[in-house]
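Remarks on the structure that follows.
The values are calculated or read from the model by the stated rules, or taken from the named source; none is laboratory data. Because the structure is a prediction, the values reported are computed rather than measured. Counting neighbours? That spans all protein chains shown, and the Cβs are built from the backbone with ideal geometry, glycine included.
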Amino acid sequence: MKEISEQKLIRLCKKGDRIAQKAVYDRLAPKMLPVCIRYVGDRTVAEDLLQDGFVTLFSKLDSFKGDGSFEGWARKIFVNTALMYLRKKDALKMSDELDSARNVVSVYSSQVQDIGYKELMKLITSLPTGFRTVFNLYVLEGYSHKEIAEMLDITEVTSRTQLSRARTWLQNKIKGTDNV
């Protein structure tokens, strides 16, 4: 079958074309499943969220105006789907809020450079939920602490604290020490 352009696929999907929807699914699922796994840390749950994300994507497709990348627009849907799941499960209850975030220097040792991508993703997936969520949003998705605070209904200080603790946790795991 001839490769169909993304714009044409989107137009066909907006008309409810099942073949085009399957093509969009086939293109995006391999990229969005890891996003879901990063947030929830469980492949089975992530696969469910992937399906929920596609239901949302196809139902909101008319809101995609083509101003930016389709994949970037879709990614936000999958991140929001994962965040909604975590909110429903109360998994985002952050640990105690500090008056000021610990000032942890985030200098990654040469050990970080020695581990592979898969090992690093496995470590990120094993972060405690609050740490993992903020880490993903800040480091991997590029949101600011202000945006994260609004998305998760927490303070900016809590966002910074969770990121700092996530970095410390990861550094300790990479160094082989578990005193977080």
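Overview of values
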read-out	value
Exclusive hit being surrounded by fewer than 17 Cβ atoms within 10 Å (Cβ to Cβ), touching a Lys or Arg at 6+ places or on another chain (Cβ under 8 Å), over 25 Å from L137 (Cβ atoms) and not assigned by TED's automatic domain parsing to the domain that holds E141, set D62, D26	D62
Qualifying position, being outside the structural domain of L140 (by TED's automatic domain parsing), in a helix (DSSP H, G or I) and free of Cβ contacts under 8 Å to residues at least 12 places away in the same chain, among I19, I37, I10	I19
So K118, is it under 15 Å from V35 (Cα atoms), over 12 Å from the mean Cα position of the chain (by Cα) and of a type in the set (K, R)	yes
Helices (runs of 4 or more DSSP H) wholly inside region 75-180 that include at least 3 residues being modelled with pLDDT under 75	110-114
Selection from region 60-70 of residues that are in a helix (DSSP H, G or I) and under 16 Å from Q21 (Cβ atoms)	L61, D62, F70
Residue check, T56 closer than 23 Å to I4 by Cα and part of a helix (DSSP H, G or I)	yes
Test: residue in region 40-52 that is under 18 Å from G16 (Cβ atoms), assigned to a helix (DSSP H, G or I) and touching a helix residue (DSSP H, G or I) at 6+ places or on another chain (Cβ under 8 Å)	no
Criterion violated by E47 - all others in (1) loosely packed, with under 11 Cβ neighbours inside 10 Å; (2) of a type outside the set (A, V, I, L, M); (3) modelled with pLDDT of 95 or more satisfied	(1)
